[in-house]
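Take a look at the structure set out below.
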Amino acid sequence: MTKEPPENIRQELIEAGSTLSSGRHRDGFSVPDAYFDTLPQKIQEKIAERKPSDYRIPALTGRKKPVFVFIASVVAFVAITGLLMIRHEADNGHLALTDDAFSMDLISLYSSLDPYFIYEAVLESDMTVDELQFGLEIEENDDYQHALNEYLEGISDYYWQDANVITDPVN
Amino acid sequence: MTNYSDEELLDMYSNGDNPDYAFNLIVRKYQQALYWHIRRLVVVHDDANDIVQDVFLKAWGALGRFRRDAGLYTWLYRIATNEALTFLKRKKNRYFLPFIDVGKELAESLEADVYYEGNEIEKEIQKAILTLPDKQRAVFSLRYYDEMKYEDMAAIMGTSQGALKASYHHAVKKIEKYIGS
C-alpha cells in the first residue's frame, strides 16, 4: 500500500477552504501501556479456542461435517424461511410472496444471526442450497431458493469471497 | 512490525508448515493500522479492542480462501470497516436512538475517556467528525488520518472514487462549519 502524498491531502483541504490545511492534527486517541505487545497473543488464544477441529465428528452421510456447522446452516435456513413466511399472505389456501424486495429487506434486517457465521457454516459444511432444502425436506420453491441465493451472495460480497463457492453445487 | 510483504505472508500462510505463525505476523503487521481505524469510528477503547480482535478472528477463518484478487491490506480494512459500521448500527438499533444522539453519546465518551490525550483543537475536530454520518466518518478518517489513496478507499468502501471525493469534500465542509460555529 502506498499512501497519498501529504501535500496532495493538504492541497485538497486548501481547495475546500478548510482550516485543517494549516497543519497536521493527530486524532488524540491512546491505548493502555503495552497494548499492541499483548494483542497478537490474545488473538492467538481466541483462535486456539475456536479451532474447528475441536468440533468435527463423522457425519451421517459419510462426509465429515461439523455438527455445529450443520445446525447453524439449518438455523440460518429456518430463519430465512421464517422471515419470508412473515410476508406471505393466504391466497385461496396457498401461500404466495407479496413483495420479494421487501422480503429481502426483512432478511437483511435479521441482525441477530452473525452473517459471517452463516457464511462459514454453509461453506465449511460443503452444502449447497439444494442440499439445505433436501436436508430440511422442503419442497423446491423458486422464491426460497432465490432468497437464499441472494442472501448468501450478499454475505460473500461482505467478506469479498467468491459467491459461486457457496451458491453453486459442489458435485 | 514485520518486514515481509503481503504476498510473502500469504504464501507463508498457505504453503508453510505453520500457518499460525504466518497469521501472527499478519496480525503484527496490521494490528495498529486496523485498531486506529476502528477506534476513530467507535471512539471507546474497549469497543475498538473487541472489534479488532473479531476482525482478525474472521480474517483467520476466511484467509484460507482469500483469492488475492484484492490486496490483503484492503481486504482487512474492508472487514474492519464493515465490523465497525455494523457495531455502530447495532448500537443505534439497541437504544432506538436517532443519529444525532449517538454522535452526542460518542462525544461524551470522548470527554470521559482516560485513553484520550488530544489537545483542545484535536478534541474539537473529533467532536466535529462525530456529527457526520458513520460512513462519511469512515471516508474522512481513511483520507485525512490514514492518508489513503481514493483507489484503495474505493476498494474498501465498495463505491466509486468520484463518490468518495464528493463525500470527503462534504465532510470537510461540515467539519469546518462545526469548528467555525
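Once you list every other residue whose beta carbon is under 12 Å from the beta carbon of A:ARG26, what net charge do they have if Lys and Arg are +1 and Asp and Glu are -1?
0
Hey, which lysines would be in cross-link range of B:LYS123, C-alpha to C-alpha under 27 Å, not counting anything within fewer than 8 residues on its own chain?
A:LYS3, B:LYS89, B:LYS91, B:LYS92, B:LYS104, B:LYS135, B:LYS149, B:LYS165, B:LYS173, B:LYS174, B:LYS177
Hey, what does the equivalent ellipsoid look like for the range A:1-40, semi-axes from the Cα gyration tensor as sqrt of 5 times each eigenvalue, largest first, whole Å? Kindly include the intermediate steps, with their values, before the conclusion.
Numbers: eigenvalues 191, 41, 7 Å².
They are 31, 14, 6 Å, listed largest first.
How high is the relative contact order of chain B, in percent, counting Cα pairs under 8 Å that sit 6 or more residues apart?
Relative contact order for chain B comes out at 20 percent.
Please list the non-local residues whose amide H lies under 5 Å from the amide H of B:LYS149, H modeled 1.01 Å from N, same-chain partners needing a gap of 5 or more.
Correct list: A:GLU4.
On a full-extension model of 0.36 nm per residue, what is the gain between B:ASP50 and B:GLU124, subtracting their alpha-carbon distance, rounded to one decimal in nm?
24.0 nm
Cα extents of chain B along the three principal axes, largest first, in whole Å?
58, 35, 32
I want the local charge near A:ALA16. Using Cβ-Cβ distances under 13 Å, sum +1 for each Lys or Arg and -1 for each Asp or Glu among the other residues.
Taking every other residue near A:ALA16 into account, the sum is +3.
Compute the label zone of B:ARG68 within the range B:22-41: residues whose backbone N is under 19 Å from the point 7 Å along Cα-to-Cβ.
B:22-27
So which chymotrypsin sites (Phe, Trp or Tyr not before Pro) in the range B:55-145 end up in coil per DSSP with only 12 or fewer other C-beta atoms within 10 Å?
The qualifying sites are B:PHE96.
Amide H of A:PHE29 versus every other amide H placed in the peptide plane: which residues, excluding those fewer than 5 positions away on the same chain, fall under 5 Å?
B:GLU117
Read-outs throughout are calculated quantities, based only on the coordinates presented, and are distinct from any laboratory measurement. What you see is a predicted model; the values in this text were computed from it and never measured. Reconstructed Cβ throughout: ideal geometry from the backbone, glycine too, with neighbour counts over all protein chains shown.
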